[in-house]
1. Rounded if a/c is under 1.5, else prolate if a/b is larger than b/c, else oblate: which is segment 134-180, with a ≥ b ≥ c the root eigenvalues of its Cα gyration tensor?
2. Restricted to Cα positions, what overall size does segment 233-305 have along the principal axes? Three whole-Å values, descending.
3. Once you put a point 7 Å from the Cα of Asp55 and another 7 Å from the Cα of Asp192, both along the Cβ direction, what distance in nm separates them?
4. Taking the Cα of Asp296, stepping 7 Å toward and past its beta carbon, and measuring to each backbone N in segment 175-196: which are under 17 Å?
5. Give the cross-link partners of Lys237 among the aspartates and glutamates, using a straight C-alpha distance below 19 Å as the criterion and excluding same-chain residues fewer than 8 apart.
6. Would you mind checking the pairs Lys141/Lys163; Lys163/Lys292; Lys59/Lys292; Lys141/Lys292; Lys169/Lys311 and listing those with alpha carbons more than 29 angstrom apart?
7. Taking every pair of alpha-carbon atoms in segment 118-211, what share in percent sits in each 5 Å bin, from 0 to the bin with the longest distance?
8. Would you mind telling me the share, in percent, of accessible area of segment 132-206 contributed by carbon and sulfur at probe 1.4 angstrom?
Amino acid sequence: MRRPAPLHPALARTAPFLSALAATALLLTACGTERTGAGNPSTDATGPTSATQVDDPGKDGVRITSLTLPSTSPSPSPTRSYSVSADSLDLTADSGVVAAYEVTNEGTETLTYAIVFTFMSSDGGAMTNQTATVRDVGPGKTVRGTVRAGELPPAAPRVTQAKVLQVTKVPASEAPTEPGTCPASGIRVTADKGDAAMGLRVVGLHLDNCGTRDYTVEGYPLLELLDNEFKPVDGIKILDGSGEITTSAGPDNQPLPVTLGPGESATAALVWRNTTQFGTPVNVPYVRVRAKTGADPVTVTPNLDLGTTGKLGVRPWEKAER
């Protein structure tokens, strides 16, 4: 399963510095702090900004068109303004770095995109990764937006470039709903980011009853494995339970009817190993999930790197503890 780019080594060295600043902040509760004029544009933390056009070939229809960077300038002169609150000492602040991007749907159906952007220093080291979701992009349409690098530690190298790291796209009618919203069915299906250890991969499926009526499932979620073109992936055996995959994750519970009242949830899991031996490794970027027969499909993106095992274990629905 693809992981976001590792962050620049310099970021790992900022913890002692931040701890020292935190201690200083507590000390300043008694002593007062000296502040610069935050509201004056000439003394703003990020300083003046300038947008640079970017010649980016992009990835899967997504490209960065410009990058706005704060201009470097001398530190402003302090004013005689004091505070006795430690909360006023902000250890991190918005970097002022903004990437403008555009998404072009070159397909034949309306799609929803999840995009990972990487902001980098001049040596190519990743400073931070940010994710944007762009919904309901029609065939042949282009949608434009911006994404901010956000807060960076004070000792981080200056961001000078950005790129599109990863793009996943699903049919808009099967995209997981936005957090805090409930589909017309009253049932929300999502997948988490998963867990990995010693070649074993586990991704949780989450079923939330956000509607007003009870909802009952029994047994295992129904799955379709899909490739990058949303075509079925053949040759993979979908197993009831994870016993043939591993015993280290504990025994599977017997599948039983699970009734969810409004506000209640259930979980299931996808379990596999990415062992590679003889043959061609198989990667499954998309999984179409139905909570039960007749339920609306939801396409999730666990990016199953199944190696050459040819097996995917599925754990049954169980009511989640509140």
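The values are calculated or read from the model by the stated rules, or taken from the named source; none is laboratory data. Everything numeric here is computed off the predicted structure, so don't read it as measured data. Every residue, glycine among them, receives a Cβ derived from its backbone with ideal geometry; neighbour counts consider all protein chains shown. Only protein heavy atoms, including side chains, enter the accessible area calculation; ligands, DNA and RNA are left aside. Shrake-Rupley method; radii C 1.70, N 1.55, O 1.52, S 1.80 Å.
1. On the way: a/c = 3.07, a/b = 2.04, b/c = 1.51.
Here segment 134-180 falls in the prolate category.
2. On the principal axes, segment 233-305 reaches 47, 28, 18 Å in Cα extent.
3. 4.6
4. Zone members listed by number: 175-191.
5. Cross-link targets: Glu224, Asp227, Asp252, Asp305.
6. Working: Lys141/Lys163 22 Å; Lys163/Lys292 39 Å; Lys59/Lys292 35 Å; Lys141/Lys292 34 Å; Lys169/Lys311 25 Å.
Cα-Cα > 29 Å for Lys163/Lys292; Lys59/Lys292; Lys141/Lys292; rest within.
7. P(r) over segment 118-211, rounded to whole percents: 2, 9, 15, 14, 15, 16, 15, 8, 3, 1.
8. C and S fraction of accessible area: 50 percent.
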